[in-house]
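Q: One structure is given below, represented as structure tokens, and several questions about it will come after.
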Amino acid sequence: MSPTNASALLVAYDISDNRKRRNLFNHLSGYGMPLQESLFYCQLSSAKQRRKLSRELNQLPLEANDRLHCFLIDADQTALLSPSPLTTQQWVAE
């Protein structure tokens, strides 16, 4: 998988508001499958789809104590390309 083609992401979140958390879960369900309650595996088919998800996540109204982390998985899906957590302000896939 090259950066311009398909990519796999792990999206993890810790959001205190039940409604916001449920909305995010439902939204991410359109991009991938839940691995746990607040952890999603998203297989994105194109850079355009990755940018769209990035924009949508960056527009979420998060509270100061909310966390949203996105990790790009390498082409072999054996390792994370970035070992550190990234917030919506530091999107790894762009």
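Bear in mind that the values in this text are calculations on the coordinates, not laboratory data. For clarity, every value in this text was computed on a predicted model and none was experimentally measured. Here the Cβ is made from the backbone with ideal geometry for all residues, glycine too, and neighbour counts use every protein chain on show.
Q: Run the quick spin-label model on residue 63 and residue 6: label points 7 Å from Cα toward the beta carbon, then report their separation in nm to one decimal.
A: Inter-label distance under the simple model: 3.9 nm.
Q: Within a Cβ distance under 15 Å of residue 21, other residues only, what is the Lys/Arg minus Asp/Glu net charge?
A: With Lys, Arg at +1 and Asp, Glu at -1, the neighbours total -1.
Q: Can you check what the net charge comes to around residue 45, using other residues whose Cβ is under 14 Å from the Cβ of residue 45 (Lys, Arg +1; Asp, Glu -1)?
A: Charge balance near residue 45 sits at +4.
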